[in-house]
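Data first, discussion second: the structure below is written as structure tokens.
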Amino acid sequence: MMLVCILFWIFVPSCCLSASNFTGNSSDAGNHFITPLLLVSFDGFRADYLKQYKFPNLQKFFSDGVLVEQIKNVFITKTFPNHYSIVTGLYAESHGILANSMYDPTVNKTFSLQSSFDPFWWNDATPIWVSLQQKGFKTAAAMWPGTDVKIHNMTSTYHMHYNKLMTFQQRVDNVTKLLSDGTVKFAALYYEEPDHFGHIYGPDNTTEMTKVLKQVDDNIGYLIEKLNETNLWNTINTIITSDHGMTQCSQQRIIQLDKCINNSSYTLVDSGPVAAILPLNISLVYSKLKNCHPNMKAYLKNDLPDRLHYKASPRVQPIILIADEGWLIVQSGGIDHLGDHGYDNDLPSMHPFLAAHGPAFRKGYKHSTMNIVDIYPLMCHLLEMQEMPNNGSFSHAKCLLSSQWCVSLPEVLGIVIGVLMLLTALTCLIILTKKRAAPSQRPFARLELQEDDDDDPLLD
Ligand SMILES: [Zn+2]
């Protein structure tokens, strides 16, 4: 299998180069050097794992770089929507990858993780690797969602189809080789842990999750080792992040739609924490689902809250069901896993983190939060490229960079309070000085008055 993977890796670039009309210009646009960027995602790395478990290697990574403790991701908090938001800066309703399972009524097509290669689903947005290649750069990807799809007629220059048998080490070896020999300016690497075991055990199983997260941290240790070995550790910028968190589920927290409605009256397009319902009769099905279960909210598409940035797409089904945290929506029966994600993106348990290291980043700096859509403008800044229209903001991320002047709100408040205290102290000092000086003048004044008083009778 390893041999198959290696052969695949070797052969894919040549086929892509011709298929994507790649210009073959690997030199920098203009003559100045642009620092390469490596983007790494560990699927399902919940932000507060960092507080609960030990990560000596990740700690080493961000101690010499930056850490953003929580990333507010996009709804729904699933793998494909959020990985596409990272590389486009768009909410799901704008980039079109709304879930891991979708149906588009306008063309009668279905999307699933197994059949995701049709560019139709991805072409509403332009991911960063496509923009870079359009400028003449080459890019590499190790299984990052979408990189093996011909988006705007172009896959990532070097890419590989998803293959869970390929180890993290092999993925790292491949991308670091292309970065270190100067072939590519940007590489994106995807790894499926701790999501896979997080689903099986649930995040509350600390015994098993300790082992899983130790393995993830060992992989980060390997990444650091490899970056050092290839002289990339201090010469490229590296971002480690994730798509979403994970929460504990239970056989006792299942919502069975069959208990509320006949399953012949609708098609279940997606299920889990969020269910997408394509009904035969919208009002009839909605009336049966809206009071189906106290831990599930039913929304008509247009009534979905604006803050979710989800409803403005034809791929959103007429009825969307959202379960409370830890509950799962199924048609019938039980569940085969104890952890899940996809819930409301306001929930902290759904949030991942971000760490970054390299010449552009500050050292030993911690930041409390930013949005997942802010990663894209940050990456565009690092790669000195024009942003495509997006929902993120570079201003949210600029504090991470050593070149940017940055004062946070608490620092501004601190400075204002400090200046006010200084002014108050100075005012008090001036008043006290005046009061102390005053008594030495009074006797003299009185003496003058007394002299005047004495003189008056003589004049009379
Ligand atoms: Zn998952």
Complete set of residues in region 310-328 that are more than 16 Å from the ligand (Cβ to nearest atom) and either without any contact (Cβ under 8 Å) to a residue 60 or more places away in the chain or within 17 Å of residue 293 (Cα to Cα) (or both): 318, 319, 320, 321, 322, 324, 327
I'm trying to understand the selection: among the residues of region 333-355, which are assigned to a loop (DSSP other than H, G, I, E, B) and aliphatic (A, V, I, L, M)? 335, 338, 347
In region 303-362, which residues are out of contact with any Gly (no Cβ under 6 Å at 6 or more places or on another chain) and at positive phi? 309, 326, 333, 358
Take the residues in region 39-82 that are assigned to a helix (DSSP H, G or I) and within 16 Å of the ligand (Cβ to nearest atom), then tell me which one is farthest from residue 371 (Cα to Cα). 49
For region 375-403, pairs from a residue that is in contact (Cβ under 8 Å) with a residue 40 or more places away in the chain to a residue that is of a type in the set (S, T, N, Q) and assigned to a loop (DSSP other than H, G, I, E, B), with Cβ under 6 Å and 6 or more apart or across chains, are 376/390; 388/126
Would you pick out the residues in region 208-264 that are more than 27 Å from the chain's Cα centre (by Cα) and among the acidic types (Asp, Glu)? 229, 258
Could you go through region 166-188 and let me know if any residue there is more than 20 Å from residue 56 (Cα to Cα) and in contact with a Cys (Cβ under 6 Å, 6 or more places away or on another chain). yes
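Search region 114-165 for residues being among the aromatic types (Phe, Trp, Tyr) and in a helix (DSSP H, G or I), and hand back the single one that is nearest to residue 373 (Cα to Cα).
129
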Considering region 294-308 alone, what residues qualify as being out of contact with any Lys or Arg (no Cβ under 8 Å at 6 or more places or on another chain) and in a loop (DSSP other than H, G, I, E, B)? 294, 305
Tally the residues that are within 16 Å of the ligand (Cβ to nearest atom) and of a type in the set (Ser, Thr, Tyr), restricting the search to region 83-104. 3
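Given the condition within 22 Å of residue 378 (Cα to Cα) and either out of contact with any strand residue (DSSP E or B) (no Cβ under 8 Å at 6 or more places or on another chain) or not aliphatic (A, V, I, L, M) (or both), answer yes or no: does some residue in region 193-214 qualify?
No, that holds for no residue.
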Mind checking which residues of region 243-269 are surrounded by 13 or more Cβ atoms within 10 Å (Cβ to Cβ), without any contact (Cβ under 8 Å) to a residue 60 or more places away in the chain and not small (Gly, Ala, Ser)? 260, 261, 266
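I'd like to check which helices (runs of 4 or more DSSP H) are fully inside region 167-283 and have at least 3 residues that are among the polar types (S, T, N, Q) and either away from the ligand (no atom under 16 Å from the Cβ) or at pLDDT 95 or above (or both).
By residue number, 168-180, 206-229.
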Mind checking whether some residue in region 217-229 is of a type in the set (A, V, I, L, M, F, W, C) and closer than 30 Å to residue 342 by Cα? yes
Could you tell me which of the residues 112, 85, 116 is surrounded by fewer than 18 Cβ atoms within 10 Å (Cβ to Cβ) and of a type in the set (Gly, Ala, Ser)? 112
Taking residue 368 as the residue in question, decide whether it is in a helix (DSSP H, G or I) and under 29 Å from residue 274 (Cβ atoms). no
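The values are calculated or read from the model by the stated rules, or taken from the named source; none is laboratory data. Note that this is a predicted model, so its numbers are computed, not measured. Please note: Cβ atoms are built from the backbone with ideal geometry, for glycine as well, and neighbour counts cover all protein chains shown.
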